[in-house]
1. By Kyte-Doolittle mean hydropathy of at least -0.5 and Cα axial length of at least 18 Å, which whole DSSP H helices of the chain are selected?
2. Each residue of region 252-269 in order: what ³J(HN,Hα) in whole Hz does its phi give by Karplus 6.51 cos²θ - 1.76 cosθ + 1.60, θ = phi - 60°, with x for Gly and Pro?
3. Karplus couplings for region 332-342 from phi (6.51 cos²θ - 1.76 cosθ + 1.60, θ = phi - 60°), rounded to Hz, Gly and Pro as x?
4. Going by amide H atoms built from the backbone, whose H comes under 5 Å of the H on LYS343, apart from near neighbours?
5. Calculate one ³J(HN,Hα) per residue across region 309-319 by plugging θ = phi - 60° into the Karplus curve 6.51 cos²θ - 1.76 cosθ + 1.60, and present them in order as whole Hz with x for glycine and proline.
6. Amide H to amide H, which residues 5 or more places from GLN124 or on other chains are under 5 Å from it, using H placed in the peptide plane?
7. Hey, can you find the accessible area per residue of the chain for me, probe 1.4 Å, expressed in square angstrom?
8. For the pairs LYS142/LYS343; LYS135/LYS314; LYS168/LYS343; LYS160/LYS190; LYS160/LYS350; LYS179/LYS329, note any where the Cα-Cα span goes beyond 32 Å.
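The values are calculated or read from the model by the stated rules, or taken from the named source; none is laboratory data. Not measured: the values here are computed from a predicted model. Every residue, glycine as well, gets a Cβ built from its backbone with ideal geometry; the counts of neighbours run over all protein chains shown. Heads up: the accessible areas ignore ligands, DNA and RNA and are worked out on the full protein's heavy atoms, side chains in. Shrake-Rupley method; radii C 1.70, N 1.55, O 1.52, S 1.80 Å.
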Amino acid sequence: MNRTTEVSVPRRRFLANVTGALAAVPLTIAAAHAAGEDTTSRSAPLPRPGQFPVRVISSANGLDATRTAYEAILKGGDTLDACVAGVNLVEDDPNDTSVGYGGLPNEDGIVELDAAVMHGPTHQAGAVAALQNIKNPSKVAKLVMEQTDHVLLVGEGALKFARAHGFKEEDLLTERARKIWLYWRQSRDKDDDWIEPPDELLDPEVKTFFKRPTGTIHCAGMNTNGDISCTTTTSGLAFKLAGRVGDSPIIGAGLYVDNAVGSSGSTGRGEANLQNLSCSTAVELMRGGRSPKEAGLEILRRIAANSVNRLRDKDGRPNFDLSFYLLAKNGDYAGVSMWGPAKFAITDEKGTRHEPCAVLFERVAK
Ligand code: ASP
């Protein structure tokens with residue numbers, strides 16, 4: 001790090017801000033990048049351990065997940081255990097077509113799941129990618145973190161590992177997801193040998209998935225000691241090439257926690273996060289003094305600027321969705337989205353609810 005961009009933090013205040021192993025890190029934080037930036041996170045004094053505000057945030061599909069995780073944290077549960085228990089509800093839900101059981105399959109009609117976990121207090125992480133037949137990849141990711149010397153297992157190796165730990169194999173393709181995939185396959189190319197069925201034979205819902213929906217759940221939680229953990233779990237991009245891995249299981253791209261600073265996780269076009277290492281960068285922006293909202297919007301602006309022409313609309317704006325869910329050590333939080341309106345889920349002392357995301361571009365209703 002360039003020494004001229006470091007600032008000292010009074011030792012007493014710094015030690016009050018961190019817990020456990022993190023007390024051993026160097027006593028510096030990066031300076032704010034430039035004059036005039038939003039420094040909300042940095043200027044707010046941190047509570048003492050035991051007095052941090054309990055918060056759980058997630059993507060919009062995680063209302064029940066945030067409630068479940070919040071209750072587990074209030075009972076004294078570890079923040080990662082709590083977040084994983086929360087997202088397990090969505091992994092188990094056949095109606096969520098972007099996560100776990102019922103997730104939309106790859107182009108061959110096979111469900112391949114990605115998931116990762118990151119535990120703030122120990123700075124440990126685990127992940128699985130392109131995992132088939134196991135409906136709770138977040139649990140497998142946590143075991144990779146806890147019971148291997150590795151961070152990421154993929155494909156057949158991840159499945160073997162899950163089997164060894166007693167996970168039950170099952171077909172994750174629900175009838176609903178199969179019908180959606182089949183229609184996508186049949187209507188994809190006028191020149192191939194699949195023929196699009198007449199409208200009267202189609203389940204009307206099937207057609208609404210034609211635009212390759214994005215999904216995924218990210219969930220992050222903080223306890224009264226200010227310890228933060230998070231997890232992301234997904235069936236990834238609908239109809240992806242077999243073996244395609246998105247951002248969700250890649251630490252730093254799809255999610256990241258620094259227990260002294262905060263966390264960031266994402267849903268939407270994973271390739272953009274892989275190309276911009278978005279979540280770790282968002283946490284670094286918060287370390288530099290940006291609020292969660294400003295850090296998230298800055299990442300979205302960079303991604304918009306870096307997008308290739310084929311991914312831009314006629315006005316030059318990205319033609320894809322991408323959202324971030326950010327939680328700062330002082331309890332500040334935000335959801336931010338490339339395109340609005342969009343919302344995220346939160347449970348805190350005020351209850352469980354959706355809140356609007358800050359957005360870079362607004363969709364204009366036609
Ligand atoms: N980020 C996920 C991926 O690229 C998909 C999504 O969130 O929709 O795999």
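1. Details: long enough: 79-92 (20 Å, 0.80); 292-306 (21 Å, -0.23).
In the chain, the long hydrophobic H runs are 79-92, 292-306.
2. x, 8, x, 6, 6, 10, 10, 4, 7, 10, x, 9, 9, x, 9, 9, x, 4
3. 4, 8, 6, x, 10, 9, 4, 10, x, x, 8
4. It is CYS357, by chain and number.
5. 4, 5, 10, 10, 7, 5, 8, x, 8, x, 9
6. HIS119
7. Accessible surface, normalised per residue, equals 45 Å².
8. Violating the 32 Å limit, Cα to Cα: LYS135/LYS314; LYS168/LYS343; LYS160/LYS190; LYS160/LYS350; LYS179/LYS329.
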